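Working notes, structure below.
The values are calculated or read from the model by the stated rules, or taken from the named source; none is laboratory data. A quick note: this is a predicted structure, and the numbers were derived from the prediction, not measured. Note that each Cβ is placed from the backbone with ideal geometry, even for glycine, and that neighbours are counted across all protein chains shown.
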Amino acid sequence: MQRINDLLVRPATSATDAPLPTTSTASRKTLALVWATLLNRRLVSEPVGSLQHRQFEQDMSDLTDDQLRRGLERTKGFTGFLTLPVFRGLCQGTPEDHSLPDARSALLEAIHAPYPKSAHVWTHPAVYLAACDVGWWALEHMTERELMPIWTMAYDQLVARVIAGESLALPTRRALPAEVHVPSTPETALANINKLKEILR
């Protein structure tokens with residue numbers, strides 16, 4: 001394996017390939033500080049501003065500050081070769097880091113959750129959203145063996161989104177009004193009375 005500074009520089013991507021900047025992504029200043037920290041820990045050897053550092057900035061620009069902090073924390077005492085994909089993995093973490101249960105535990109939670117499903121206290125919003133994707137009928141009528149491949153596909157997609165930094169949330173429930181008043185026109189009321197008379201004859 002190669003170290004970050006030994007990686008071949010890939011050709012620059014076009015403007016359309018670059019991730020859109022958002023307020024949650026890391027700034028160049030933050031990425032420079034991360035590189036300097038990696039340099040101090042002797043995980044990289046090229047200085048800030050080098051070609052390798054610029055490649056690092058380009059590849060890590062979509063990560064949030066929190067993700068970068070997680071990655072730096074995990075590089076303490078790191079041994080081996082730190083490549084760009086390895087560092088990205090350290091930043092994004094594992095499903096357990098995001099309080100995501102494994103696929104089978106999540107499936108069992110979805111199957112056994114009491115009604116109303118939206119009121120259940122879910123381990124993670126991804127479990128509820130995967131259950132919505134698979135469908136409540138399927139969860140109630142199919143066997144665990146039949147459900148597992150369908151469930152795994154739906155759940156893994158949501159897990160990947162969470163690991164990539166997306167924040168999932170349960171849909172908000174709107175309360176029903178205590179009373180509903182629907183005004184009726186005199187013509188509608190008269191038509192309804194006539195219908196009742198017809199029924200009662």
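Can you name every one of the helices (runs of 4 or more DSSP H) wholly within segment 62-173 that holds 2 or more residues which are modelled with pLDDT of 90 or more and surrounded by 12 or more Cβ atoms within 10 Å (Cβ to Cβ)?
103-112, 125-134, 136-141, 144-163
From the set of residues in segment 38-52 that are assigned to a helix (DSSP H, G or I) and at pLDDT below 85, which is surrounded by the most Cβ atoms within 10 Å (Cβ to Cβ)?
Of everything passing the filter in segment 38-52, LEU39 is surrounded by the most Cβ atoms within 10 Å (Cβ to Cβ).
Can you tell me how many residues within segment 165-201 are closer than 30 Å to TYR155 by Cβ, out of contact with any strand residue (DSSP E or B) (no Cβ under 9 Å at 6 or more places or on another chain) and either of a type in the set (Asp, Glu) or touching a residue at least 60 places away in the same chain (Cβ under 8 Å) (or both)?
The total comes to 1.
Search segment 29-53 for residues that are more than 17 Å from LEU68 (Cα to Cα) and assigned by TED's automatic domain parsing to the domain that holds PHE87 and pair each with any residue that is among the hydrophobic types (A, V, I, L, M, F, W, C) and loosely packed, with under 14 Cβ neighbours inside 10 Å when their beta-carbon atoms are under 9 Å apart and the residues are at least 6 apart or on different chains.
Pairs found: LEU51/VAL9; GLN52/VAL9.
Of the residues ALA131, ALA126, only one is aliphatic (A, V, I, L, M) and more than 30 Å from GLU73 (Cα to Cα); which?
Every option except ALA131 fails the conditions.
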